[in-house]
Amino acid sequence: MSKRIYGDEYGFQTRAVHTGNDVDSETGAIKRPITMANSYELPYDPTDVNWSSAAGNLYTRNGGSNQKYLQEKLASLEGGEDCVVLASGVAALSGLFFALLQSGDHVIFSSVTYIAVYRLLNELFNNKFHVETTIVDTSDLDAVRTAIRPNTKLIHIETPGNPTLTISDISAIADIAHEKGALLSVDNTFASPFNQRPIELGADFTIESLTKYINGHGDAMGGAIIGKTEYLDIIRAQSQINLGGTISPFNAWLIMRGSVTLPLRMRQHNENALKVAKWLEAQPCVSFVAYPGLERHKGHETAVKQMSPGFGGVLSFGLKADHDTHNRFVSCLKVITSAVSLGHDESLIVFLGENDERQYLYPEEFHNGFFRFSVGIEDVEDIIEDLRQALKTVGLL
């Protein structure tokens, strides 16, 4: 019996479990298998085959079975018409920009974004392809309006922003973009579709680093673009098939497996991060805490409006301490691991020092070095106790 569970008549958690999955027609297995083949059987007469087509199964660079199953699920969870899954979050970002932008186009992008976006738009697309770019604090709607030009093709925002947790108003920026004939893309990685669905708020594209919360286990890489088929067909042809940014079948299968527990994990991430943020906020040795779930956060009201049921698992904070003390604090942690990435089951922390080239774009409190902390799903009492003992060991408590 075939299962087709996509739409709003089913809840988010039900779709996370079922959408994209089906009974395997050959074996009767109730989980779709990994199809590791890179080629599929051709028709009797292959002379009319379009070798650059993404329709049907032809060659895995053009799209494979496991990729397509995952795309079905993500389109449903994000509330979008269609989805393209690529090899990484950066492949998704660069794939969107490469397929969408032409020389002479203008792009507005958030002053707080993932480093690859800063590289792609501030340097590579600008220098190599003559795409004009403007960096804007997109939490300031007047600044967004002022930056619009007649040739503005795209506004790209990240909310919450990495690493400062800056919040931008998706609905309001969508209205500004569409009024001027521009498109809006939103990097939703910090929130995940469990907490925020930009397409439903008016965005044209949602980008997810599947490596993070949607996979959730720290063992696979992938990226997704969700939007209308008319645009995603262009992305498939240019950025997947012709640039070769295709996800491996094994990674697609791993992410499909991980995504089933996304709702359960995100509830715990949300709960733990809010408790940890409140605990850190109460410590005299902590210089600041940036988390949109805190009432004193500048973007809290906007976050409440567009994020539900929670505010994600990432926060940033600083210590009233010198550079070396920040590093010694990390070395004393036992439960929390010093590593890049985020959205894993385990808690991850990274110290970002004073020499970040984008420091000038961050709020002043970030200028003396700070931590980006991805709060995991461990017992929150153990996470807090780990922070407490490390602060005590370095003499800050």
Exercise. One-quarter of the Cα convex hull surface for the stretch 299-353, in nm²?
Worked result: 5.2 nm²
Problem set entry | Fraction in percent of alpha-carbon pairs per bin - 10 Å, the stretch 76-226 | 12, 45, 36, 6, 0
Exercise. In straight Cα distance, which lysines are under 17 Å from residue 68, not counting same-chain residues fewer than 8 positions off?
Worked result: 3, 31, 228
Exercise. Expressed as an acute angle from 0 to 90° and rounded to the nearest 10, what is the orientation of the C-alpha long axis of helix 249-259 relative to the principal long axis of the chain?
Worked result: 50 degrees
Problem set entry | Total charge dipole magnitude, the stretch 262-393, about the Cα centre, Cβ charges on Lys, Arg, Asp, Glu only, Debye to nearest 20 | 240 debye
Problem set entry | Calculated P(r) tail over 15 Å for the stretch 123-195, as whole % of Cα pairs | 56 percent
Exercise. Roughly what % antiparallel, to the nearest 5, for the DSSP beta bridges in the chain?
Worked result: 55 percent
Problem set entry | Listed residue (268, 368, 336) projecting farthest to the positive dipole end of the stretch 262-393, Cβ model | 268
For this session: State log₁₀ I(q)/I(0) for the stretch 186-270 at q = 0.11, 0.18, 0.21 Å⁻¹ as given by the Debye formula over alpha-carbon point scatterers of equal weight, solvent excluded.
Result: -0.32, -0.83, -1.06
Seminar exercise, completed: Surrounding charge for residue 50, neighbours by C-beta under 15 angstrom, Lys/Arg +1, Asp/Glu -1, total -1
Problem set entry | Burial ordering of 144, 350, 49, 84, fewest other beta-carbon atoms within 10 Å first | 49, 350, 144, 84
Exercise. Which net charge results when you count Lys and Arg as +1 and Asp and Glu as -1 among the other residues whose beta-carbon is under 10 Å from that of residue 227?
Worked result: -4
Exercise. Fewest to most neighbouring Cβ within 10 Å: what's the order for 8, 187?
Worked result: 8, 187
Exercise. Once you have the alpha carbon radius of gyration of the stretch 187-344, what is it after dividing by 2.2 N^0.38 Å, with N set to its residue count?
Worked result: 1.20
For this session: Enumerate the aspartates and glutamates that residue 180 could reach by cross-link, defined here as Cα to Cα under 15 Å, with residues fewer than 8 away along the same chain left out.
Result: 105, 142, 204
Seminar exercise, completed: As a Kirkwood estimate from alpha-carbon pairs, the stretch 1-155 has a hydrodynamic radius in angstrom of 18.9 Å
Exercise. Using alpha carbon coordinates only, what is the Rg to Rh ratio of the stretch 262-393, with Rh defined as the Kirkwood radius?
Worked result: 0.94
Exercise. Which order do 78, 132, 9 fall in if you start with the one that has the fewest other Cβ atoms within 10 Å?
Worked result: 9, 132, 78
Exercise. What is the packing order of peptides 54-60, 167-173, taking the mean over residues of other C-beta atoms within 10 Å and listing the highest first?
Worked result: 167-173, 54-60
For this session: Could you tally the net charge around residue 200, taking each other residue with its Cβ under 11 Å from the Cβ of residue 200, Lys/Arg +1 and Asp/Glu -1?
Result: -1
For this session: Return one number: the angle in degrees, 0 to 90 and rounded to the nearest 10, between the long axis of the Cα atoms of helix 380-393 and the longest principal axis of the Cα atoms of the chain.
Result: 50 degrees
For this session: Pairs of lysines 8 or more apart, or on different chains, with alpha carbons under 20 Å: count those in the stretch 262-393, would you?
Result: 8
Seminar exercise, completed: Packing-ranked peptide list from 389-396, 368-375, 27-34, 239-246, highest mean Cβ count within 10 angstrom first, is 368-375, 239-246, 389-396, 27-34
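A short reminder: the numbers here are calculations on the coordinates, not readings from a lab. Fair warning: this is a prediction, and the values are worked out from it, not measured in the lab. Reconstructed Cβ throughout: ideal geometry from the backbone, glycine too, with neighbour counts over all protein chains shown.
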